[in-house]
Amino acid sequence: VATVGCYERRARRFLSQCAREGLERLTAAEVSSFIARECQVGGGSSAQMLVVVVRSVLRYLHVVGLIDVPLEWAVPAAANLRSRALPRGVDSAAVGALLSVCDRRRRIGRRNYAMLVLLVRLGLRASEVATLSLEDLRWRAGEIVVHGKGGRVDTLPLPVDVGEAVASYLRSRPAPPDGCRSVFLSDTVPPRPISRHTVGVVVRRGCLRAGIPVVGPHQLRHSAATTMLEAGASLDEIGSVLRHRERRTTAIYARVDIATLRTLALPWPAVAS
């Protein structure tokens, strides 16, 4: 559903700007100009997604006969800068400040604290926190079931501090609607399951109250990885916790392991005076 919404927004923006006078008048120059203009607004990942969407739309329009020329070739490629950048995590002091602003004397504070701990300790995505159900918490086995991207389901160990944070919230949370098995509920009347957007709002507001730079849930996922790396975990172990499909995805964290990288650096040659 999230992917469909992401595609739809970009497709609508493209068609509203480039097909005002009819699809039959759409030109390659208009397509290229749209991409060049829109890619300046967002980051590298946003630009790559836009390119994929516009190509898909143009391919469909040509197949069904709404445009005569296959204009997908007019969409320029977007540079993949993701593999060149360092993962941007949050340092331990900032994480501690973020967690400390949750007033756990109040129900909403306990809820926000539990969500943040899941992000920081287990590296869950915002959507994975939002969709967590009561059946996913296997208390006796000390496990948590995570429903990830692409329908993937993984079982992870449930750390004691994470379990205590979630249990503390569950003991005080409002009565859920009939048939609702979601762990995290809104603080509205009547309560309802939260969305991944709510998780992002909790992180951003927490950053503002803590007086630290505003970050998103995914940067806390990076923080979980770098914390494990600093504690001596291997890249394979980090990949298992973060549930990466490919080892090269986890390999980006090798760039922030400065201590290990120093052992690989060649000594700088002495300069004769």
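The values are calculated or read from the model by the stated rules, or taken from the named source; none is laboratory data. In this text the structure is predicted, and so the values were computed from the model without any measurement. Each accessible area value is taken on the protein alone, full model and side chains, heavy atoms only, with ligands, DNA and RNA left out. Shrake-Rupley method; radii C 1.70, N 1.55, O 1.52, S 1.80 Å.
A simple rule links phi to the HN-Hα coupling: the Karplus curve 6.51 cos²θ - 1.76 cosθ + 1.60 with θ = phi - 60°, which for segment 212-225 gives 10, x, 6, 10, x, x, 5, 6, 6, 5, 4, 4, 4, 5 Hz, with x for Gly and Pro. Stokes-Einstein diffusion of segment 163-247 at 25 °C, 0.890 mPa s viscosity, Kirkwood radius from Cα pairs, rounded to a whole number: 158 µm²/s. Solvent-accessible surface of protein heavy atoms, probed at 1.4 angstrom with all chains present, puts R9, R111 in the order R9, R111, largest first. Per-residue SASA remark: V101, around 40 Å² accessible (1.4 Å probe; ligands, DNA and RNA not included).
Suppose we take every Cα in segment 64-190 and form the convex hull; what volume per residue is that in Å³?
It comes to 212 Å³ per residue, whole-number rounded.
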